[in-house]
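Inspection log for the structure reproduced underneath, given as structure tokens.
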Amino acid sequence: MANIKESLAELMDIDGAKCCSLVDGSSGMVLGEDGSGVDMELAAAGNSEVVKAKQKTMNSLGLKTELEDILITLGDQYHIIRPMVKQKGLFIYIVLDKKNSNLALARRKVMNVEEALSV
């Protein structure tokens, strides 16, 4: 089991990683962060609303499945939001440089870190 600091450091080892955080989705507050290039306090608050909206839509549609991750693709960046399975209400957020990252490998690494993280 890894702690928050170790988990965030591991995420920063992903090719193209710019910054990452662990977020309390109910409050939008950052529990831990690493890297630079994005205002993580602002991003955490905004992405908490994204997660809430997606979950509300899933409920409205009657979908009986779990939200694994949300991918936001910008011109030069990927943003991955991964809700934690074991710690409901928390999610991992990472920003990747699009030119220097492999999306499939990054998603897999985020999943592995999420599974090992102990809060």
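The values are calculated or read from the model by the stated rules, or taken from the named source; none is laboratory data. Computed from a predicted model, the values in this text were never measured in an experiment. Ideal geometry is used to build each Cβ from the backbone, glycine not excepted, and the neighbour counts take in all protein chains shown. Heavy atoms of the whole protein, side chains included, go into the accessibility calculation; ligands, DNA and RNA do not. Shrake-Rupley method; radii C 1.70, N 1.55, O 1.52, S 1.80 Å.
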Sort out which residues of the range 30-48 are under 13 Å from the mean Cα position of the chain (by Cα) and open to solvent by 20 Å² or more (accessible area, probe 1.4 Å), and write them in order of number. 30, 31, 33, 34, 45, 46
Within the range 38-77, tally of residues that are of a type outside the set (A, V, I, L, M), closer than 19 Å to residue 114 by Cβ and assigned to a loop (DSSP other than H, G, I, E, B): 4
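Scan the range 18-37 residue by residue and report those that are part of a loop (DSSP other than H, G, I, E, B) and either on the phi > 0 side of the Ramachandran plot or of a type in the set (Phe, Trp, Tyr) (or both). Talk me through it step by step, then tell me what you get.
Step one: filter the range 18-37 for residues part of a loop (DSSP other than H, G, I, E, B), giving 25-28, 36-37.
28, 37 - these are the residues of the range 18-37 that are part of a loop (DSSP other than H, G, I, E, B) and either on the phi > 0 side of the Ramachandran plot or of a type in the set (Phe, Trp, Tyr) (or both).
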Show the residue pairs meeting these rules: Cβ distance below 9 Å; 6+ apart or different chains; first residue within the range 1-30 and more than 23 Å from residue 103 (Cβ to Cβ); second residue surrounded by 15 or more Cβ atoms within 10 Å (Cβ to Cβ) and of a type in the set (Ser, Thr, Tyr). 24/48; 26/48; 27/48; 28/48; 29/48; 30/21; 30/93
Applying the selection to the range 78-110, what residues are more than 20 Å from residue 23 (Cβ to Cβ), touching a Ser or Thr at 6+ places or on another chain (Cβ under 9 Å) and part of a loop (DSSP other than H, G, I, E, B)? none
Residue 38 in contact with a Cys (Cβ under 7 Å, 6 or more places away or on another chain) and within 19 Å of residue 8 (Cβ to Cβ): yes
Restricting to the range 66-119, and then to whatever is more than 17 Å from residue 7 (Cα to Cα) and aliphatic (A, V, I, L, M), can you tell me which residue is surrounded by the most Cβ atoms within 10 Å (Cβ to Cβ)? 70
